Structures are given as C-alpha cells and as structure tokens.
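Novice: So that we are looking at the same thing, I have put the structure below in structure tokens.
The values are calculated or read from the model by the stated rules, or taken from the named source; none is laboratory data. Nothing here was measured: the structure is a model prediction, and the numbers come from that model. Every residue, glycine as well, gets a Cβ built from its backbone with ideal geometry; the counts of neighbours run over all protein chains shown.
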Amino acid sequence: MADPCSFSSSSRCLTRHLHLLLHLDFSSHVIRGKVQLTVEALEDRLSVLTLDTRDLDIHAVTVNQQPVHFSLGPRHSFKGTPLDITLPSHLSRGQHVIVEVTYKTSPLATALQWLTPEQTAGKKQPYLFSQCQAHHCRSMVPCQDSPAVKHTYYAQVSVPRDLVAVMSAVRDGQETDPEDGSRLIYRFRQPVPMPSYLIAIVVGDLESRQIGPRSRVWSEKEFVEKAASEFSETETMLATAEDLAGPYVWGQYDILVLPPSFPYGGMENPCLTFATPTLLAGDKSLSNVIAHEIAHSWTGNLVTNKTWEHFWLNEGHTVYLERMIGRCLEGEPFRQFKAMGGWKDLQDSVNTFGANNPLTNLVPRLEDVDPDDAFSSVPYEKGFALLYHLEELVGGPEVFMGFVKSYIQRFAYNSVTTDQWKDYLFSYFKDQVDVLSSVDWNTWMSCPGMPPVKPQYDTTLADACIALAQRWIKAKDQDLDSFRESDVTTLSSHQVIEFLSLLLQEDPLPLTHVKKMQDVYNLNAFTNSEVRFRWLRLCVRSRWEDAVPMALKMATEQGRMKFTRPLFREVFHFQKFAAEAVRVFLTHRAAMHPVTSGLVAKELKVDVGAAQ
C-alpha cells in the first residue's frame, strides 16, 4: 500500500541503514549534512530512487561513490519536494547500493527549532531541538520519510565545544573535531531498526543525572534536579512495562526535558524520550506521560503504524499499555478513572472537529491531508476505547493483555496496517470468532464521531468529582456559601483535573460561580499545568475578564499544543478579546514551534503570509 504522505515508494526499495554526518551552524540556523543511505531494491530493473525532501539545498548525489544525475520535482504544500536519483545501472531485487547526498537544511526547516539564548532557561547559550513526527524528518535529512521504512542509523555531529549533543540513539563517544579545534564531534549509534520520524537531535547547554540503572535525565541545569526528582520512578515503570509487554530492546532509556516551546507533552524518541517542562508538577502527578512514552518503546517504536492513516495502532495500544502500567502501580480503580478522563478528551476532540468530520474516523483517509492537521486525541482515546471494548468481550484485562503482548512479539521490528492487526486478533482469539464478529467494525473504524459503544467505567474515584461538579452546576447564588476549601483539598490532583473537566463539558458557569470558586479554592495558585489549563478555560468561558491575561500568559510562556491551542481559541471566542488574542499571538509567534504557530494561526484566522 502506498503512503499518501510520502513520495518515496517503500514497495520498490527500502532504506536499511543511515549514516549521518552533521555540522550544526548556530549563526545561520542551518545543518550542513551528508547522509549515506544503504538502500535495498525490492524489484528487478530498479532505475530511479525517490527520496523525500523539504526545503533542502541538495549539493551532490553519488551512488556507490559515483556521481549521478538527480532532479527535484515540483513542491507540494506539505509533502515537500521529491528528490529523484537516477541509478548508474539497473538494480536487481535484493541488491544493495550506498546513496550519498550532500545537502544543507533551510533556516526554516519544519523539523528544527533553533532557540536564541533568551528562549532557554539558562539565557547564555543557543539551543536546537528536532521534532520529526509525523513527516518533518525530510526537512532535516533526505530520506524515505514514511513509517513503513525502518532502518538503523549511525551519526557524527559537530557542535561548538561548549554545547552538548544527544540523539535518539546510544551515545558512542566524542572527540575534538579534526577540522576545527573549537568544536566537538559526538557519535551515536542506533542498532535497532526504526522509522525516520524517530530520528531526534538536541544540542544545548545540557547536564544529566543518573535516575536508574539504564536511565538519566537531561536538561538545562535549571531543570535538572527537579526533573531527576519528578521522574525518579522511571525504572519501576520500565520494569512494569517489561513484565507486561516483553523485554525492553533499546538499551538506554533517558528522558530529556526541553525548553517550554516544545509542542508536545512527550515524544517517544528511542533511548531519549522528550518531555515538556509542564510535566514538572513537583508531586509526580503528571508522570503518567512518562508511562505513555515508555509504552511506546513497544507499541510505536518496535511495532509501528505503516502509514499515518493507521496512527491509532501506535497511540491506542500505547494508551492501553500506559493504563495497564498505571493499573499495576496504582490499582484497577485508577485505570478506570483515567479511562473516564480519556473518554471526555475524545468527546472534546469530536466536538472541536465536528461529529461528521472524517478526521474523527479511527482510520481516516489522509489523501491530500496534512497529518499535522489530523492530529488529535481521537487515535489515542477512540483507539483505547476499542481495545477496552474488546478486552471486556474476550475475558478481561489479563486475557487481552496476553493478545497485546503476542501482537508485539509477532510484529516486532515491522510496520503494520489495521487489517494486519485485525487478522491477527481473529487468529489469536480463534475460539471467540463469533464474539469478535459481533463488533460493529465498520462504525468503529470508518465512521466519524463517537464510538458505537460507550464503555461503562467504574466510577469509584470519579464519584467525588462528579458530586462536586453537580453541586456547582445546580447551585443558586444563595447556595454559594455552602462550598468549603476542603471540597478540593481532600481530592488528589487527578481528581481536581477531573472535576474541572466535568465542568468544561457543561454550559459555562455564571460569573458569580467562578469568582466564588476562586475565593474558596484559590485555583489561581495551583501550579499543576493540567489543573491551571482547565481552570483558565473555565474562567474565560464564563467571561471573567481578569482571567484573559492569565490565559494568554499560559498560552505563550509554554508551547505545548494541548494547552496553547485551546487557550488561544477560548480567548479568541470571547468577542471582546478576539483582537487581543491575535495581537498576543503575533507578538509571540516567532518564539513558537513552527507546527504550533501554523495551527494557532489557522484557528485565529490569521493570514501568516500577510502577517510576516
């Protein structure tokens, strides 16, 4: 099957290994690179090889050290530009060649964010980080930029001597750059085949601390002690995941806390999970994101969706595994509680997209759709809901986890489609085919909106949140004095998040109510980013003008899309402050990650071209 998001045909040839030689230039915000791709022909008489590129300046191409003809095709709005390389002689099926491309990235490469010293915590040194998922690696390396293609890689990275480089690979030593004594070359190797979107690089004024036998945290020194404390349970989570899913094959499991502009909660780059500083709550209450990224070591990194249309295979299984880790560590009521919260996140995404939007399909068609535009909680939570539904049908969590573990073993090191997953499900549960056949597969997979079945989750941990939310929803002005600070001090931070999420699903509360809530609970003082995000949305929705500057501050002092996009949306829809939302966005846009700023611009109806 063809990948609609890539020009490179993985049915004709496959990249087996990449050798990267990268020279980072912080003054011009470019990487000068040379990549050697070991390519295997999958068909006879292969004469042309096509790679994905985006805004790359291609200087030269050789095949087996012989200069060859190459040409760049027309530019596509989000797929970039195909690089067609004419092979010096036809290849036979099974033959390998080494293709070397010498190139330079653009200062505007979508995979790379170059930060000025002012945008870092330390304020003294520049910083670079990459974010290649879904289809941005092609702006950093000419490659077969499709999750269908998995390869090993080796890298040598030249950086200024006072900076440290880390990658999604095992560290393999460093040395002075023989061509420039003011620079160091860091070496990395990744012996486990992986897709291009997991190639990752970070260069900055980094320090690290050991937090387990195979784990370190990395960050600027301002965050490093806090991160070491926050993520001290990493080894426990890793060992729990191994008990559930099988051996951890990647060797090292490090966590890197990025500057605030990082657009995601976490990113599962092998050997080096990226994490947003918004996880540093101080009480480990948001470390379930780390459980999620750990779970990706099996579902996503080891078994990978073949194209982004099958993204739910990565994310639905990872959420399932993350919640199974939570079940082992915190108990089944905690898993049920997190699943309930996930259902609300799904409802939120469906409401935002619209219940008839095909991007809310579990398996959407992405022909001419930018995969960044399709990103939402749907593949995560609709995927989880399907797996939980199947779990209930076939005999409970232990039985279904047996299938998940077997599925991982069966497809390890490969990329899969939904049909392959479903065929394996039916063969694994061959004595329960009647039960599986009763599932409304078409509605689950190919229809928009909420799933056809709403699981009945155990509400033990949610009951207190539901009761408190209902009291606020039903309260008349004369009832407001009945609320006490102890309403929330007796709840866990997970429950406070749930309480606010429930209120966000209802009509906006009267302004008198949110002002009273602040008086009694002092929610403005909460530093937990998940609590603060929901509270500020609630205030803006109730048209509390005092909350608007706080909402815009949170939207811009960190760049996690989960927070930044809805906060800007809420303020923009508060008619009186729509222009202010646009003004603040334009002021801060340059400091944002390019993916984040592009999506916020669309939502605020800002013509970025005109605004430049």
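Novice: Tally the residues that are under 24 Å from residue 188 (Cα atoms) and within 14 Å of the chain's Cα centre (by Cα), restricting the search to region 264-302.
Specialist: Total meeting the criteria: 19.
Novice: For region 201-222, does any single residue satisfy the condition of being surrounded by fewer than 19 Cβ atoms within 10 Å (Cβ to Cβ), assigned to a helix (DSSP H, G or I) and touching a residue at least 24 places away in the same chain (Cβ under 8 Å)?
Specialist: Checking region 201-222: at least one residue is surrounded by fewer than 19 Cβ atoms within 10 Å (Cβ to Cβ), assigned to a helix (DSSP H, G or I) and touching a residue at least 24 places away in the same chain (Cβ under 8 Å).
Novice: Right, another one. Residues in region 208-217: is at least one within 19 Å of the chain's Cα centre (by Cα) and either at pLDDT 95 or above or farther than 28 Å from residue 14 by Cβ (or both)? It would help to see each step written out before you state the result.
Specialist: Applying the first criterion (within 19 Å of the chain's Cα centre (by Cα)) to region 208-217 yields 217.
In the following step, the residues that additionally are either at pLDDT 95 or above or farther than 28 Å from residue 14 by Cβ (or both) were identified as 217.
Within region 208-217, one or more residues are within 19 Å of the chain's Cα centre (by Cα) and either at pLDDT 95 or above or farther than 28 Å from residue 14 by Cβ (or both).
Novice: Could you check, for region 347-355, whether at least one of its residues is free of Cβ contacts under 8 Å to residues at least 40 places away in the same chain and either within 17 Å of the chain's Cα centre (by Cα) or not assigned by TED's automatic domain parsing to the domain that holds residue 384 (or both)?
Specialist: yes
Novice: Every residue in region 421-447 that is surrounded by 14 or more Cβ atoms within 10 Å (Cβ to Cβ) and free of Cβ contacts under 8 Å to residues at least 12 places away in the same chain, please.
Specialist: Within region 421-447, 443 is the sole residue that qualifies.
Novice: Name the pairs: first residue in region 462-488 and basic (Lys, Arg), second residue surrounded by 11 or more Cβ atoms within 10 Å (Cβ to Cβ), Cβ to Cβ under 9 Å, at least 6 apart or on different chains?
Specialist: 471/479; 471/483; 471/487; 484/520
Novice: Right, another one. Which strands (runs of 3 or more DSSP E) sit wholly inside region 1-111 and have at least 3 residues that are at pLDDT 95 or above and within 28 Å of the chain's Cα centre (by Cα)? Write out each step before concluding.
Specialist: Working: elements: 13-25, 30-41, 46-53, 57-63, 70-72, 81-91, 96-104.
In region 1-111, 13-25, 30-41, 46-53, 81-91 are the strands (runs of 3 or more DSSP E) which contain 3 or more residues that are at pLDDT 95 or above and within 28 Å of the chain's Cα centre (by Cα).
Novice: Given the conditions (1) surrounded by fewer than 22 Cβ atoms within 10 Å (Cβ to Cβ); (2) more than 25 Å from residue 121 (Cα to Cα), which single one is not true for residue 589?
Specialist: Single failed check for residue 589: (2).
Novice: Then there's this: Go through the residues of region 370-388 one by one and say whether even a single one is in the same structural domain as residue 425 (by TED's automatic domain parsing), modelled with pLDDT under 95 and more than 16 Å from the chain's Cα centre (by Cα).
Specialist: no
Each row is one residue, and each column tells you yes or no for (1) farther than 12 Å from residue 138 by Cβ; (2) hydrophobic (A, V, I, L, M, F, W, C); (3) surrounded by fewer than 19 Cβ atoms within 10 Å (Cβ to Cβ).
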{"site": "37", "(1), (2), (3)": "yes, yes, no"}
{"site": "43", "(1), (2), (3)": "yes, no, yes"}
{"site": "57", "(1), (2), (3)": "yes, no, yes"}
{"site": "61", "(1), (2), (3)": "yes, yes, no"}
{"site": "73", "(1), (2), (3)": "yes, no, yes"}
{"site": "80", "(1), (2), (3)": "no, no, no"}
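Novice: Find the residue count for region 242-263, including only residues that are within 12 Å of residue 129 (Cβ to Cβ) and surrounded by fewer than 22 Cβ atoms within 10 Å (Cβ to Cβ).
Specialist: Selection size over region 242-263: 1.
Novice: Name, by its number, the condition in (1) touching a strand residue (DSSP E or B) at 6+ places or on another chain (Cβ under 9 Å); (2) without any contact (Cβ under 8 Å) to a residue 60 or more places away in the chain that does not hold for residue 159.
Specialist: Going through (1) touching a strand residue (DSSP E or B) at 6+ places or on another chain (Cβ under 9 Å); (2) without any contact (Cβ under 8 Å) to a residue 60 or more places away in the chain one by one, residue 159 breaks only (2).
Novice: Related question: Report whether or not residue 377 is over 26 Å from residue 534 (Cα atoms), buried (at least 20 other Cβ atoms within 10 Å of the Cβ) and in contact (Cβ under 8 Å) with a residue 12 or more places away in the chain. Quick ask: steps written out before the conclusion?
Specialist: Numbers: over 26 Å from residue 534 (Cα atoms): no; buried (at least 20 other Cβ atoms within 10 Å of the Cβ): yes; in contact (Cβ under 8 Å) with a residue 12 or more places away in the chain: yes.
No; evaluated as a whole, the condition is false for this residue.
Novice: Name every residue in region 154-200 that is more than 22 Å from residue 262 (Cβ to Cβ), crowded, with 20+ Cβ neighbours inside 10 Å and among the hydroxyl-bearing types (Ser, Thr, Tyr), in order of residue number.
Specialist: The answer is 158, and nothing else.
Here's the yes/no breakdown for (1) hydroxyl-bearing (Ser, Thr, Tyr); (2) surrounded by fewer than 17 Cβ atoms within 10 Å (Cβ to Cβ); (3) farther than 30 Å from residue 230 by Cα:
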{"site": "503", "(1), (2), (3)": "no, no, no"}
{"site": "511", "(1), (2), (3)": "no, yes, yes"}
{"site": "516", "(1), (2), (3)": "no, no, yes"}
{"site": "523", "(1), (2), (3)": "no, no, no"}
{"site": "541", "(1), (2), (3)": "no, no, yes"}
{"site": "552", "(1), (2), (3)": "no, no, no"}
{"site": "558", "(1), (2), (3)": "no, no, no"}
{"site": "607", "(1), (2), (3)": "no, yes, yes"}
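Novice: Which residue out of 196, 182, 229, 261 is among the hydroxyl-bearing types (Ser, Thr, Tyr), modelled with pLDDT of 95 or more and over 30 Å from residue 37 (Cα atoms)?
Specialist: Going through 196, 182, 229, 261 in turn, just one is among the hydroxyl-bearing types (Ser, Thr, Tyr), modelled with pLDDT of 95 or more and over 30 Å from residue 37 (Cα atoms): 229.
Novice: With respect to residue 458, is the statement that it is out of contact with any strand residue (DSSP E or B) (no Cβ under 9 Å at 6 or more places or on another chain), surrounded by fewer than 16 Cβ atoms within 10 Å (Cβ to Cβ) and without any contact (Cβ under 8 Å) to a residue 12 or more places away in the chain true? Quick ask: steps written out before the conclusion?
Specialist: Values: out of contact with any strand residue (DSSP E or B) (no Cβ under 9 Å at 6 or more places or on another chain): yes; surrounded by fewer than 16 Cβ atoms within 10 Å (Cβ to Cβ): yes; without any contact (Cβ under 8 Å) to a residue 12 or more places away in the chain: no.
Here the answer is no, as residue 458 does not meet what is asked.
Novice: Could you pull out the residue among 595, 600 that is at pLDDT 95 or above, out of contact with any Leu (no Cβ under 7 Å at 6 or more places or on another chain) and either under 19 Å from residue 373 (Cα atoms) or in a helix (DSSP H, G or I) (or both)?
Specialist: 600
Novice: Being more than 20 Å from residue 542 (Cα to Cα) and outside any helix (DSSP H, G or I) is the filter here; which residues of region 469-488 pass it?
Specialist: Within region 469-488, 484, 485 qualify.
Novice: Check region 551-568 and report whether any residue there is more than 22 Å from residue 352 (Cβ to Cβ), part of a helix (DSSP H, G or I), in contact (Cβ under 8 Å) with a residue 24 or more places away in the chain and of a type outside the set (A, V, I, L, M, F, W, C).
Specialist: Yes, region 551-568 has at least one match.
Novice: State all residues of region 454-476 that are charged (D, E, K, R) and touching a helix residue (DSSP H, G or I) at 6+ places or on another chain (Cβ under 6 Å); if no residue qualifies, say none.
Specialist: 458 - this is the single residue of region 454-476 that is charged (D, E, K, R) and touching a helix residue (DSSP H, G or I) at 6+ places or on another chain (Cβ under 6 Å).
Novice: Here's a follow-up. Where the second residue is surrounded by fewer than 18 Cβ atoms within 10 Å (Cβ to Cβ) and hydroxyl-bearing (Ser, Thr, Tyr) and the first is touching a residue at least 40 places away in the same chain (Cβ under 8 Å) and lies in region 110-135, which pairs have Cβ atoms under 7 Å and are six or more apart or on separate chains?
Specialist: Listed pairs, sorted by first residue: 126/116.
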